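The values are calculated or read from the model by the stated rules, or taken from the named source; none is laboratory data. This one's a predicted model, so the numbers in the text were calculated from it and none came from an experiment. Ideal geometry is used to build each Cβ from the backbone, glycine not excepted, and the neighbour counts take in all protein chains shown.
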Amino acid sequence: AQTVTQSQPEMSVQEAETVTLSCTYDTSESDYYLFWYKQPPSRQMILVIRQEAYKQQNATENRFSVNFQKAAKSFSLKISDSQLGDAAMYFCAYRRTRSGAGSYQLTFGKGTKLSVIP
Amino acid sequence: EAGVAQSPRYKIIEKRQSVAFWCNPISGHATLYWYQQILGQGPKLLIQFQNNGVVDDSQLPKDRFSAERLKGVDSTLKIQPAKLEDSAVYLCASSLTTGFNSPLHFGNGTRLTVT
């Protein structure tokens, strides 16, 4: 079974600075998808960024970028120019690609609570 | 476009009582998911529907949990009887397809407290 580990329960960053959230995963699959979701106090999970495992190029979305190290099974999220609105829980998630029962479920880590200091 | 709608927002019940949650996905989304998020953990998939058929319910405690998606649109998740460990946020999500480029859209969830 796949597992996702986020080793930082809490992180803080000064406004306008850069912060990196860590995520490691365990899988025997060679092709899969990885995601970072943001969950503010409203509880709605919001997709931040996604990566296909077969693509070596790291995904970027405006101030958000990832460092995907497939051999190390590591998928960290970098937030540049942090803003107060970035404060939230951040969840790393894994999804298999091949068909079959359960193939579309997301396996989430336990999350990292990010605080942004003004 | 309107987002995924869930109700109620909060629910407090006593153990052994029953409760139901409702979800209205984004119009046209064929796939619907129910996730359970216990405090301090990431969400866990309970059940996945494709239109009105069940694709995956392997992690649904079927002795007490049931879900349906009549007519392939709205869905309800029921717990009967509830246990203390069912206290959690229940998130509904939908997606147009199950492809990588069809992300999940989540609702705001229902926070259930069982006393």
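Residues B:Leu112, B:Leu60: which one is part of a strand (DSSP E or B), away from chain A (no Cβ under 11 Å) and crowded, with 19+ Cβ neighbours inside 10 Å?
Details: B:Leu60 fails: part of a strand (DSSP E or B).
Just a single option satisfies the conditions, and that option is B:Leu112.
Just the residues that are part of a loop (DSSP other than H, G, I, E, B) and more than 9 Å from chain B (Cβ to nearest Cβ), please, taken from region A:33-49. Explain how you work it out, then say what you get.
As a first pass, look at region A:33-49 and keep what is part of a loop (DSSP other than H, G, I, E, B): A:40-45.
A:Pro40, A:Pro41, listed by residue number.
Being over 23 Å from A:Ser28 (Cα atoms) and part of a strand (DSSP E or B) is the filter here; which residues of region A:50-71 pass it?
Residues of region A:50-71 over 23 Å from A:Ser28 (Cα atoms): A:60-65.
Within region A:50-71, A:Thr60, A:Glu61, A:Phe64, A:Ser65 meet the criteria.
Of these, B:Ser75, B:Ser7, which one is over 25 Å from A:Thr112 (Cα atoms), at pLDDT 95 or above and surrounded by fewer than 18 Cβ atoms within 10 Å (Cβ to Cβ)?
Details: B:Ser75 fails: surrounded by fewer than 18 Cβ atoms within 10 Å (Cβ to Cβ).
Criteria check complete, one pass: B:Ser7.
Return the residues of region A:95-116 that are more than 9 Å from chain B (Cβ to nearest Cβ), at pLDDT 95 or above and out of contact with any helix residue (DSSP H, G or I) (no Cβ under 9 Å at 6 or more places or on another chain); say none if nothing qualifies.
Within region A:95-116, A:Thr112, A:Lys113, A:Ser115 meet the criteria.
Go through A:Ser30, A:Ser74 for me and flag whichever is at pLDDT 95 or above, surrounded by fewer than 19 Cβ atoms within 10 Å (Cβ to Cβ) and away from every other protein chain (no Cβ under 12 Å).
On the way: A:Ser30 fails: at pLDDT 95 or above.
Exactly one residue qualifies, and that residue is A:Ser74.
Identify all residues within region B:63-90 that are without any contact (Cβ under 8 Å) to a residue 60 or more places away in the chain and either of a type in the set (Phe, Trp, Tyr) or assigned to a strand (DSSP E or B) (or both); write none if there are none. Spell out the reasoning first.
Pass one, region B:63-90, residues without any contact (Cβ under 8 Å) to a residue 60 or more places away in the chain: B:63-77, B:85-89.
Result: B:Phe65, B:Ser66, B:Ala67, B:Glu68, B:Ser75, B:Thr76, B:Leu77, B:Ala88, B:Val89.
Looking at (1) in contact (Cβ under 8 Å) with a residue 12 or more places away in the chain; (2) surrounded by fewer than 16 Cβ atoms within 10 Å (Cβ to Cβ); (3) within 18 Å of B:Ile26 (Cβ to Cβ), which is the only condition B:Thr98 fails?
Evaluating B:Thr98 over (1) in contact (Cβ under 8 Å) with a residue 12 or more places away in the chain; (2) surrounded by fewer than 16 Cβ atoms within 10 Å (Cβ to Cβ); (3) within 18 Å of B:Ile26 (Cβ to Cβ) leaves (2) as the failure.
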